[in-house]
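Structure, as structure tokens:
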Amino acid sequence: MKALHVILVVLVVVLAAASAAVIASTVRDDGTADAPQEEEEEPAEDPTYPEGVTVDLSTGTVTCAEESRWTIYDLLETYYVVSGYTWSRYTGDTSTGTEITLSPGMYRITVGGETFDVTVPGTLERTVSWTYDMDGTEHGMSVTYTLDVSDLAAQKTDSLEFNDSGDYSSFSNLPELVQVTSDVTNLEELLEAEYLRIGGDTSDEQGYADFLAAFVQLCITYPHRESGHGADYCIYGSGEYWARPLETLCILYGDCEDTSALLCALYAAAGYQAAMGGASGHVYAGVAIDGFAEVTQERLKSLDIYREYTLAAFVPVEGSCEGALAETVFYGVETIYDQLPVGYLTTGIAGNIGSKTTWGTAGFYPVA
């Protein structure tokens with residue numbers, strides 16, 4: 001028993017010394033403690049490919065052991081593609097041989113009876129040009145931006161999981177679409193530079209908010225509607241699909257919720273408080289602006305806006321905002337009409353604010 005007691009005493013001393021060493025390693029000389037160290041994430045498993053197929057992601061080279069027929073389906077292409085005024089179903093490209101080389105992007109490959117996906121890292125480049133009317137003077141605008149394929153792939157994966165879950169049936173989930181990455185931040189900086197180039201002043205919150213809205217309104221095309229299908233079908237092959245900003249910036253097509261999410265991401269990158277707005281059968285953006293001023297009818301007419309619009313400056317309705325943002329005024333922003341200024345919604349949509357719908361209360365849902 002005495003020997004056992006000695007052993008226990010020694011064990012306690014050893015454990016105490018070990019604990020003291022851990023504490024000493026996390027406490028500075030001034031008595032303050034270091035933040036706990038986060039556990040390192042396990043590296044993602046390498047993708048597996050069919051037997052006889054090798055993939056070199058550094059070069060985008062895919063090799064098959066035997067000469068075969070390849071089908072290469074670009075996962076970043078639209079479900080239907082446009083040629084002139086004709087839309088036709090996209091079916092991918094084919095080739096024959098033992099090797100293909102892919103540029104950065106996302107692909108579904110079929111070869112030797114096997115189908116597998118390949119994501120080639122790198123960047124994609126897009127150039128968009130538009131004409132912006134600032135105070136009655138038209139300016140030619142252009143930006144060239146890049147998209148990181150890894151970030152794009154992550155957002156596409158999020159979108160697929162989100163849409164498969166059916167979460168698009170609730171307005172309260174709209175803010176989940178708004179994801180601000182470095183690509184979005186970089187694009188906002190390019191847009192700011194263009195705005196300053198034509199004499200704009202970013203301290204004019206309403207003016208710059210109008211400019212960012214115009215980029216989305218004029219550069220993202222509303223999808224073609226195939227007979228018997230909704231607007232998302234020709235782009236994503238789905239009856240309903242809520243896209244993330246990088247997806248929309250990649251294909252440059254989007255309907256109301258897609259373009260609203262993109263605009264809210266740009267607003268967030270620019271420092272605005274943004275919100276996604278939901279109404280019966282429609283989605284729009286919202287932005288908080290100090291000192292909002294109504295736009296004159298003459299200005300609306302000069303922009304060739306002939307529809308009936310109602311100024312929409314709304315305190316968020318019950319069920320939309322809580323806590324610190326409960327009293328925030330968001331101004332509605334339509335994203336599917338050419339250069340419609342901030343604060344204007346169609347009369348029918350504006351009159352819908354506060355009503356109950358199958359998707360939730362029509363109103364604003366702030367972006368975190």
Exercise for the section: Keeping to the range 138-149, report how many residues are open to solvent by less than 50 Å² (accessible area, probe 1.4 Å) and closer than 23 Å to THR202 by Cα. Expected result: 4
Fill in the blank from the handout: Contact list, first residue from the range 113-142 and touching a residue at least 12 places away in the same chain (Cβ under 8 Å) and within 20 Å of PRO341 (Cβ to Cβ), second anywhere and among the acidic types (Asp, Glu) and part of a strand (DSSP E or B), beta-carbon distance below 6 Å, six or more apart or interchain, is THR131/GLU138
Problem - Considering residues of the range 84-95 that are open to solvent by less than 80 Å² (accessible area, probe 1.4 Å) and aromatic (Phe, Trp, Tyr) only, the residue farthest from THR61 (Cα to Cα) - result: TRP87
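The rows are residues; the columns are (1) open to solvent by 20 Å² or more (accessible area, probe 1.4 Å); (2) in contact with a Gly (Cβ under 9 Å, 6 or more places away or on another chain); (3) small (Gly, Ala, Ser).
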site: TYR208; (1), (2), (3): no, yes, no
site: LEU212; (1), (2), (3): no, no, no
site: CYS219; (1), (2), (3): no, no, no
site: ARG299; (1), (2), (3): yes, yes, no
Practice task
For ASP232, indicate whether it is within 18 Å of the chain's Cα centre (by Cα) and without any contact (Cβ under 8 Å) to a residue 60 or more places away in the chain.
Solution key: yes
Exercise for the section: Working only within the range 96-105, note down all residues that are open to solvent by 20 Å² or more (accessible area, probe 1.4 Å) and within 27 Å of LEU252 (Cβ to Cβ). Expected result: THR101, SER103, PRO104
Practice task
Could you tell me whether SER129 is in a loop (DSSP other than H, G, I, E, B), closer than 25 Å to THR185 by Cα and open to solvent by 60 Å² or more (accessible area, probe 1.4 Å)?
Solution key: no
Exercise for the section: From the list LEU124, LEU177, LEU160, pick out the single residue that is surrounded by 13 or more Cβ atoms within 10 Å (Cβ to Cβ) and in contact with a strand residue (DSSP E or B) (Cβ under 6 Å, 6 or more places away or on another chain). Expected result: LEU124
Exercise for the section: Hey, could you check the range 273-297 for residues that are among the polar types (S, T, N, Q) and within 27 Å of TYR168 (Cβ to Cβ) and say which is surrounded by the fewest Cβ atoms within 10 Å (Cβ to Cβ)? Expected result: SER280
Fill in the blank from the handout: Filter the range 194-206 for residues that are surrounded by fewer than 20 Cβ atoms within 10 Å (Cβ to Cβ) and in a helix (DSSP H, G or I); the one that is farthest from the chain's Cα centre (by Cα) is ARG197
Exercise for the section: With the checklist (1) in contact with a helix residue (DSSP H, G or I) (Cβ under 7 Å, 6 or more places away or on another chain); (2) assigned to a strand (DSSP E or B) in hand, flag the one item ARG69 doesn't pass. Expected result: (1)
Fill in the blank from the handout: For VAL81, the lone unmet condition from (1) assigned to a strand (DSSP E or B); (2) open to solvent by 20 Å² or more (accessible area, probe 1.4 Å); (3) modelled with pLDDT of 95 or more; (4) under 30 Å from ARG225 (Cα atoms) is (3)
Handout entry: Options LEU152, LEU191: the member that is outside any strand (DSSP E or B), open to solvent by less than 10 Å² (accessible area, probe 1.4 Å) and within 19 Å of GLN339 (Cα to Cα)
Key = LEU191
Handout entry: Residue satisfying condition, being farther than 17 Å from THR248 by Cα and surrounded by 14 or more Cβ atoms within 10 Å (Cβ to Cβ), within set ASP167, ASP117, ASP135
Key = ASP167
Fill in the blank from the handout: Scanning the range 322-349 residue by residue, those farther than 18 Å from GLU298 by Cα, open to solvent by 20 Å² or more (accessible area, probe 1.4 Å) and either in contact with an Asp or Glu (Cβ under 9 Å, 6 or more places away or on another chain) or of a type in the set (Gly, Ala, Ser) (or both) turn out to be GLY323, ALA324, ALA326, ILE336, THR347, GLY348, ILE349
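The values are calculated or read from the model by the stated rules, or taken from the named source; none is laboratory data. Being a predicted model, the structure only gives us computed values, none of them experimental. All Cβ positions, even for glycine, are placed from backbone atoms using ideal geometry, and neighbour counts span all protein chains on display. These accessible areas exclude ligands, DNA and RNA; they are computed on the full protein's heavy atoms, side chains included. Shrake-Rupley method; radii C 1.70, N 1.55, O 1.52, S 1.80 Å.
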